[in-house]
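Novice: To start, I am sharing the structure in question, which I have written as structure tokens.
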Amino acid sequence: MTTKSQPLDAVARLGQVATWLASPVLLLVLWWWLTERELVPIQILVPPHEVFETARAMLADGELEEAALASLFRVLAGFASGAACGVAFGTLVAVSPRLDRYAGPLFYAFAQMPAVAWAPIAILLLGIGEEFKVAVIGLAVFVPVTIGTQEAIRGIPQRYLEVAAALALPAGLRFRRVLLPATLPRIVGGLRIGLSKGWMVLVFAELFCANVGLGHLMDVGRTQFQMDLVLTAVLVTGGLGFAMDRMLLRFERFGSGRAAA
Amino acid sequence: MSVGVVGGPHHFKWRSYLWLVASTIVLTIVIAEISVSQVSLAVPGRGLIGEIAAATLDTLRRLLAGLFVGITAGSLLGTAMGAVPILDRLLSPPIHALRQVPLFGWIPLIGLWAGLGEPSKVTFVALAVAYVMVLSAHEAIRSISPRLTEVSRALGLDPLTKLRVLVIPSVTPALLAGVRIALAAGWSAVVGAEILMAAAPGLGALIWGAREVGRPEIVVAGSVVVGVLGALSNAGLRSFEQRVLHRYYR
Amino acid sequence: MIAASIELNGVNKSFALNGERIDALRSIDLFARPGEFVCVVGASGCGKSTLLRLILGLDHADAGRVSIDGKPVTAPGPDRGIVFQDHRLFPWLTVSENIALALHASDWDASERRRRVREHIDLVGLGRFGDALPDQISGGMAQRAAIARALVAGPKVLLLDEPLGALDALTRHYLQDELLRVWQAERPTVIMVTHDIDEAVYLGDRVIVMSSRPGRIKKSIDIDLERPRRRDDLRLAALRNEILSLFDWSAIAQQ
Ligand SMILES: Nc1ncnc2c1ncn2[C@@H]1O[C@H](COP(=O)(O)OP(=O)(O)OP(=O)(O)O)[C@@H](O)[C@H]1O
Ligand SMILES: [Mg+2]
């Protein structure tokens, strides 16, 4: 005995969307209003349309694209190397308690060092070029990915393994249907933390030493008191980070077989 | 109740400590050797220890101020969002949007707004800490089991008893874990801010300045101090956490 | 202890689930005399737990009246004790701390409280486990601790949601008899949900059979047998068969 009540449902959904949009829209209106009435000085907050104009101009002359591509390349290179090492090392310490006992404390001390604090040492060792940026991003990604992978593998519920054994699943099926779905969420969790750390370190490195890149744009904007430039770079950075994070989520859903099955 | 961080102190034995110390020393020497041979400008540091100690105090003071402000503000906001659904729905979208901005993206903005002085640095650290605490406090409030909430209603517990037997034990694990993550974020922020926001006393500035004038031994020594202090503060907080949690989850 | 009467008049209760309305209870009329032992049986999902939650005051009826001793129920109170279907012990409190929690508003002094907690731990056979945490004892033991928590304050109304479901047959028989002993000594009004029809006819003054979708009271059957009853009484078997014949098997299979 159930009755569908669709109109009510639609209203509720609309209300939800409205509350979701309410505060961003309010913020935007507030931003616009504050700058339009010149309630805050223009050096403190530029009007939204000016940011939009700047972004369009920079997009037109290719400046924004160049900066974004340079940053994206650094993040991807650092992320790929850091994630690969992290998954490998995390797997090793998960399956070998002995390695964990010996390498664990060292890794732990290593993980406590804020990624940005590696920058000066990395510059000493690698110079101030691309290598050092990729290396520091890689280090920042490595730590959470290692932790996520180790926890994922250690955390596979014993009862799933027992079921797999009871069903005598062949290795391939066991990996695809049991191990991968059981570990992927946490590994991807580590990858996502790593990615956001990677972006953080990228901006940090570009802020003080780069001739090109989104962080460099922010720094130029700051020294030349061009807030529109800073905000454009910040927005693009946030957008790219968000998009990559979504892709990781997609990957998780795909890999767990939820999309496929 | 162990949150298995690789090699976390939960399985530290004296042998592990020995290993940790030995490998840190070896690593330090190796890095220092390489960097010294690369720059080959090493002048024996005069008063190095004193310089590093003074810088450390400055950094710690800044870190503590930022932690205090950030933890207070973040926990209050997160608690309010966890407890009042309408606040949650109103504030979640902008907070999640702001979280997409990489932490150091705030430095040029804060720089434009308030310059690069001491208040800006503390604000930045507080911001980094609050980022973490809002989410943790929110999570903590939502981890109160609705089933147990019903039990305390069924038993007609008064607010104080409810706080004691339901709320505090439920939120403590998530809050403490949040504080620990916030501490790590605070360390990143304070060192990064000292490097990026002009000359000021502090470990980050010391390291950065030493790199520029070609004093690699100070760079390495300063970085080791940052790492060791980070590890110590984390381990301290963790053992405190375990002692507290032990009370609730014997 | 003066027992209380429980009265439900024309009670409706529905839930919204993913935009659909589920009628959990429809036109429920029920009167339990002070000190009566009422058992409720019915298929899974027919609204038995919902019924108890309404009497306890955790949920509120969409229509109709729920009252105790003629006074409408608005919120839970110390006059009512409940054993939830899942044990719901606080995981960070020991068994005895969990039980003592139900005494927080009582007039007894500390030593009397301790004595009562001790007595009820013994009653449910957990004598050695007072200092154990819920995670350290078995599911059935946790369920028994929850029973002790419901009994310890000596409530006028005792609401039991399948309290003996997780127990082995021997412990169940033992606790059934203990429950009867407590009931006869303190005379609370008991509403006990159970899926064990033998248990219902052995314990109850009356057995209420519910039907599902929507949840209604299908029939109320008086168990007019003198106490103490014998489990091998043939009249109990006859009553059990009568109740079984009331179940709509096709509806259960459809779910
Ligand atoms: N909070 C809720 N939200 C939505 N639906 C609910 C809620 N609580 C109960 N229901 C629905 O009400 C109906 C009755 O639930 P109830 O828990 O009372 O059943 P029950 O008779 O106790 O079943 P069981 O014997 O399995 O415990 C079910 O169909 C259930 O789906
Ligand atoms: Mg139920």
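Novice: Of all residues in the range A:24-78, count the ones that are within 14 Å of chain B (Cβ to nearest Cβ) and within 26 Å of the chain's Cα centre (by Cα).
Specialist: Total meeting the criteria: 12.
Novice: Considering (1) farther than 27 Å from residue A:208 by Cα; (2) crowded, with 17+ Cβ neighbours inside 10 Å, say which one residue B:110 fails and leave the rest.
Specialist: For residue B:110, the failing item is (1).
Novice: Further, regarding this structure: Just the residues that are assigned to a helix (DSSP H, G or I) and surrounded by 18 or more Cβ atoms within 10 Å (Cβ to Cβ), please, taken from the range C:90-109.
Specialist: Across the range C:90-109, the qualifying residues are C:95, C:96, C:98, C:99, C:100, C:101, C:102, C:103.
Novice: Residues of the range A:124-151 being within 11 Å of chain B (Cβ to nearest Cβ), surrounded by fewer than 22 Cβ atoms within 10 Å (Cβ to Cβ) and part of a helix (DSSP H, G or I), which ones?
Specialist: A:125, A:126, A:151
Novice: Output the residues belonging to the range C:156-178 that are more than 15 Å from ligand 2 (Cβ to nearest atom) and buried (at least 23 other Cβ atoms within 10 Å of the Cβ).
Specialist: Of everything in the range C:156-178, those that are more than 15 Å from ligand 2 (Cβ to nearest atom) and buried (at least 23 other Cβ atoms within 10 Å of the Cβ) turn out to be C:156, C:157, C:158.
Novice: Need the failing condition index for residue C:165 against (1) within 14 Å of the chain's Cα centre (by Cα); (2) closer than 24 Å to residue C:29 by Cα, just the number.
Specialist: Checking residue C:165 against (1) within 14 Å of the chain's Cα centre (by Cα); (2) closer than 24 Å to residue C:29 by Cα, the one that fails is (2).
Novice: Something else about it: Of all the strands (runs of 3 or more DSSP E) wholly in the range C:189-229, which have at least 1 residues that are among the small types (Gly, Ala, Ser)?
Specialist: Correct list: C:206-211, C:216-222.
Novice: Identify the residue in the range B:142-157 that is outside any helix (DSSP H, G or I) and more than 7 Å from chain C (Cβ to nearest Cβ) and, among all such residues, is surrounded by the most Cβ atoms within 10 Å (Cβ to Cβ).
Specialist: The extreme case among them is B:144.
Novice: Okay, next question. Quick one: would you say residue A:203 is within 17 Å of residue A:141 (Cα to Cα), of a type in the set (Val, Ile, Thr) and in a helix (DSSP H, G or I)?
Specialist: When the stated conditions are applied, residue A:203 passes them.
Novice: How many residues does the range C:120-173 hold that are of a type in the set (A, V, I, L, M, F, W, C), within 23 Å of residue C:103 (Cβ to Cβ) and within 16 Å of ligand 1 (Cβ to nearest atom)?
Specialist: Result for the range C:120-173: 3.
Novice: I've got another one for you. List the number of the failed condition for residue B:182; all other conditions in (1) closer than 16 Å to residue B:122 by Cβ; (2) part of a helix (DSSP H, G or I); (3) open to solvent by 10 Å² or more (accessible area, probe 1.4 Å); (4) of a type in the set (A, V, I, L, M) hold.
Specialist: With respect to (1) closer than 16 Å to residue B:122 by Cβ; (2) part of a helix (DSSP H, G or I); (3) open to solvent by 10 Å² or more (accessible area, probe 1.4 Å); (4) of a type in the set (A, V, I, L, M), residue B:182 is out only on (3).
Novice: Is it fair to say residue C:106 is at pLDDT below 90 and either aliphatic (A, V, I, L, M) or farther than 23 Å from residue C:192 by Cβ (or both)?
Specialist: In short, yes.
Novice: Report, by residue number, each residue of the range A:170-204 that is over 23 Å from residue A:89 (Cβ atoms) and under 18 Å from the mean Cα position of the chain (by Cα).
Specialist: Listed by number, the residues that qualify are A:203, A:204.
Novice: In addition: Anything in the range C:21-75 that is among the polar types (S, T, N, Q), within 16 Å of ligand 2 (Cβ to nearest atom) and within 14 Å of chain B (Cβ to nearest Cβ)? List them, or say none.
Specialist: C:49, C:50
Novice: Also: Which numbered condition in (1) within 16 Å of ligand 2 (Cβ to nearest atom); (2) open to solvent by less than 10 Å² (accessible area, probe 1.4 Å) is the only one that residue C:148 fails?
Specialist: In the conditions (1) within 16 Å of ligand 2 (Cβ to nearest atom); (2) open to solvent by less than 10 Å² (accessible area, probe 1.4 Å), residue C:148 misses (1) alone.
Novice: What pairs can you find where one residue is in the range C:196-219 and within 14 Å of chain A (Cβ to nearest Cβ) and modelled with pLDDT of 95 or more, the other is open to solvent by 10 Å² or more (accessible area, probe 1.4 Å) and in a loop (DSSP other than H, G, I, E, B), and their Cβ atoms are less than 6 Å apart, with a gap of 6+ or different chains?
Specialist: Listed pairs, sorted by first residue: none to list.
Novice: If you don't mind, another one. Counting only residues that are touching a residue at least 60 places away in the same chain (Cβ under 8 Å), more than 10 Å from chain B (Cβ to nearest Cβ) and farther than 19 Å from residue B:113 by Cα, how many does the range A:167-225 have?
Specialist: 16
Novice: Now, a different point. Give me the pairs: first residue in the range C:44-61 and without any contact (Cβ under 8 Å) to a residue 60 or more places away in the chain and under 16 Å from residue C:150 (Cα atoms), second residue in a helix (DSSP H, G or I) and more than 8 Å from ligand 2 (Cβ to nearest atom), beta-carbon distance under 8 Å, and six or more apart or on different chains, which are they?
Specialist: Pairs found: C:58/B:150; C:58/B:153; C:58/B:154.
Novice: For the range C:76-89, give me each residue that is open to solvent by 50 Å² or more (accessible area, probe 1.4 Å) and more than 14 Å from ligand 2 (Cβ to nearest atom).
Specialist: C:78
Novice: Of the numbered conditions (1) surrounded by 19 or more Cβ atoms within 10 Å (Cβ to Cβ); (2) more than 10 Å from every other protein chain (Cβ to nearest Cβ), residue B:224 satisfies every one except a single condition; which is it?
Specialist: (2)
Novice: Of the conditions (1) over 12 Å from the mean Cα position of the chain (by Cα); (2) touching a residue at least 60 places away in the same chain (Cβ under 8 Å), residue B:213 satisfies every one except a single condition; which number is it?
Specialist: (2)
The values are calculated or read from the model by the stated rules, or taken from the named source; none is laboratory data. None of these values were measured; they are calculated from a predicted model. Cβ sites come from the backbone with ideal geometry, for glycine too, and all protein chains shown count toward neighbours. Heavy atoms of the whole protein, side chains included, go into the accessibility calculation; ligands, DNA and RNA do not. Shrake-Rupley method; radii C 1.70, N 1.55, O 1.52, S 1.80 Å.
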